[in-house]
1. ³J(HN,Hα) across segment 5-17 via Karplus (A = 6.51, B = -1.76, C = 1.60, θ = phi - 60°), whole Hz, x for Gly/Pro?
2. Using only protein heavy atoms and a 1.4 Å probe, report how much of Ser56 is accessible, in Å² to the nearest 10.
3. Just how many pairs of Lys in the chain have C-alpha atoms closer than 29 Å, counting pairs that are eight or more places apart or on different chains?
4. Please name which of Gly11, Phe48, Ser27 has its Cα lying farthest along the dipole of the chain towards the positive end, using unit charges on Cβ (Lys, Arg +1; Asp, Glu -1) and the Cα centre as origin.
Amino acid sequence: MSKVHSYYLVGFVLFSAILNTFIDSESIGIKLLCSLLLFTTFVFASLFHSLKAKISKEKISSIE
């Protein structure tokens with residue numbers, strides 16, 4: 001796991017804690033659904049960031 005992925009994981013943990021305080025009175029199913037949606041959002045953002053960095057490295061190396 002790279003450093004960027006670690007930052008996304010920490011962001012997920014912090015935002016899920018904040019989300020749980022906002023939806024404290026909801027049922028466990030709603031909390032799990034919101035946490036799952038938040039987790040998948042962070043996973044896709046992390047993968048997008050990795051792909052973007054990989055493409056930019058390839059462009060730089062192809063220019064040289």
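The values are calculated or read from the model by the stated rules, or taken from the named source; none is laboratory data. Because the structure is predicted, anything quoted here is derived from the model rather than measured. Here the Cβ is made from the backbone with ideal geometry for all residues, glycine too, and neighbour counts use every protein chain on show. All accessible areas refer to the heavy atoms of the entire protein, side chains included, with ligands and DNA or RNA removed. Shrake-Rupley method; radii C 1.70, N 1.55, O 1.52, S 1.80 Å.
1. These are the phi-based 3J(HN,Hα) values: 5, 5, 5, 5, 5, 5, x, 4, 4, 5, 5, 5, 5 Hz.
2. Per-residue accessible area (Ser56): approximately 50 Å².
3. Pairs that pass both the separation and distance tests number 5.
4. Result: Phe48.
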